[in-house]
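Shown next, in structure tokens, is the structure this report addresses.
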Amino acid sequence: GTAAIDGGEGVQVVSLSPTQGLHTVFGLPVGGILRSAGVGTYSLIGATRATSDSGSLGLGNFSGTMAADFVTGKVGLDMSVNFADAPNPVTYGVTTAGGLNDLSQSPVHISGRNIFTMSPIPSLRNGVATCGNVACATTSVGGVLVGAEAARAGIVYRIQDSTTSDIVRGAAAFADTQ
């Protein structure tokens with residue numbers, strides 16, 4: 001099908017196959033102060049079916065959790081995307097430095113607008129970190145904290161597979177468990 005997207009700079013029409021997708025996250029902005037203390041632990045409440053730009057992997061399944069330290073402004077992610085039904089099944093996995101237990105090591109920072117981004121970091125492909133002399137995959141994430149006291153979070157992700165040059169995309173929403 002096709003989608004007409006108006007990002008404020010004119011309408012762009014995108015054509016997609018049944019195994020490709022357009023992944024977005026929406027939410028109400030955080031009202032007032034984000035939080036002044038504590039760590040929010042977020043569990044998955046929903047996700048789009050992951051797709052690859054080539055369409056060759058079919059539809060994938062996302063799983064993951066995240067945490068945000070509101071004192072240091074750091075975010076940790078632990079996520080995986082599984083294409084079990086692909087002709088050559090593949091699972092991608094990424095965990096930020098320090099995981100969810102030591103957020104001080106995470107390279108992901110919350111900005112003043114409650115947005116966080118993660119530049120490409122090495123990721124696992126079928127449990128393997130390096131393929132030859134390069135990372136088997138790299139993952140980038142853009143996210144936002146939304147709702148009263150950042151009770152929810154949303155991310156969009158992009159996984160670059162260095163072995164196939166394919167790109168995997170998806171989106172996920174999380175809720176604070178506290």
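The values are calculated or read from the model by the stated rules, or taken from the named source; none is laboratory data. Quick caveat, the model's predicted, so the values are computed rather than measured. Glycine gets a Cβ as well: all are built from the backbone with ideal geometry, and neighbour counts include every protein chain shown. The protein model used for the area step is the full one, side chains on, heavy atoms only, and it has no ligands, DNA or RNA in it. Shrake-Rupley method; radii C 1.70, N 1.55, O 1.52, S 1.80 Å.
Listed by first and then second residue, the pairs with beta-carbon distance under 6 Å, at least 6 apart or on different chains, first residue in region 160-178 and within 15 Å of residue 77 (Cα to Cα), second charged (D, E, K, R), are 175/152. The number of residues in region 15-37 being loosely packed, with under 13 Cβ neighbours inside 10 Å and either out of contact with any helix residue (DSSP H, G or I) (no Cβ under 9 Å at 6 or more places or on another chain) or modelled with pLDDT of 75 or more (or both) comes to 8.
Yes/no matrix, rows are residues, columns are (1) outside any loop (DSSP other than H, G, I, E, B); (2) out of contact with any helix residue (DSSP H, G or I) (no Cβ under 7 Å at 6 or more places or on another chain); (3) under 15 Å from residue 64 (Cβ atoms); (4) in contact (Cβ under 8 Å) with a residue 40 or more places away in the chain:
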| site | (1), (2), (3), (4) |
| --- | --- |
| 82 | yes, yes, yes, no |
| 88 | no, yes, no, no |
| 92 | yes, yes, yes, yes |
| 97 | no, no, no, no |
| 100 | no, yes, yes, yes |
| 109 | yes, yes, no, no |
| 118 | yes, yes, yes, yes |
| 121 | yes, yes, yes, no |
| 141 | yes, yes, yes, yes |
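Residue check: is residue 164 open to solvent by 10 Å² or more (accessible area, probe 1.4 Å), outside any strand (DSSP E or B) and over 12 Å from residue 64 (Cβ atoms)? The answer is yes for residue 164.
Sort out which residues of region 43-64 are open to solvent by 50 Å² or more (accessible area, probe 1.4 Å) and outside any loop (DSSP other than H, G, I, E, B), and write them in order of number.
The answer is 44, 45, 47, 61, 63.
Taking the numbered list (1) part of a strand (DSSP E or B); (2) modelled with pLDDT of 75 or more; (3) in contact with a Leu (Cβ under 9 Å, 6 or more places away or on another chain); (4) not small (Gly, Ala, Ser) in turn, residue 12 passes all entries but (3).
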